[in-house]
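A quick write-up on the structure given underneath.
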Amino acid sequence: MELKQKELLEKDNEIKKIQRESQQELLKLRADIEIMKKDFNEKESKQLSHYDQLIKLLQEKNEKLTQDVQKLSNKYEQKENDNTLSSNSKHSSAYTLDLLRSSKLLKIFSGHSDPIISLQYFSLDGGRFLCSGSGDSTVRVWNLDNNKQIQ
């Protein structure tokens, strides 16, 4: 019986030793988990800060682009609302009116033999042009800077 008690005592000690080792391993694993959590939180914080900076930068660039688009739009509208307005005529001539100064006839461009059915103002390389299409199946291009027909 003594032998059995001794064996039981040894087994009990062995179990306690295994329990202590398990507890130590568990504590070590918990400490590792806490280190991982801390590391993860630091990396997450850095990443979020980076994303916040990126969002701020993109918002600033978006605002600048919006302003640039608005400026270009304003320039385009200003160009469209130029001092000179071109108009259609039921006659065979194209004419322009200066609306900012007066509504008097400024220039007559003669050349079509039938009434004008289409008229377009455009600018190209700093020059101003008027393109007229007529029922006589011709298209004529007028240089508004020197008042001469190009085509």
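Of note:
- Listed by chain and number, the lysines placed with their C-alpha closer than 23 angstrom to that of K28 are K16, K17, K37, K38, K43; residues fewer than eight positions away on the same chain are left out.
- Remark on region 1-81: ratio of C-alpha radius of gyration to 2.2 N^0.38 Å is 2.94.
- Ascending count of other beta-carbon atoms within 10 Å, so fewest first, for D39, D125: D125, D39
- Eligible lysines near K64 by straight Cα distance, threshold 16 Å, same-chain separation 8 or greater: K56
Computed from the coordinates by the stated procedures, all read-outs in this text should not be read as laboratory data. None of the values given here were measured: they were computed from a predicted structure. A quick note on method: Cβ atoms are made from the backbone with ideal geometry, for glycine too, and the neighbour counts reach across all protein chains shown.
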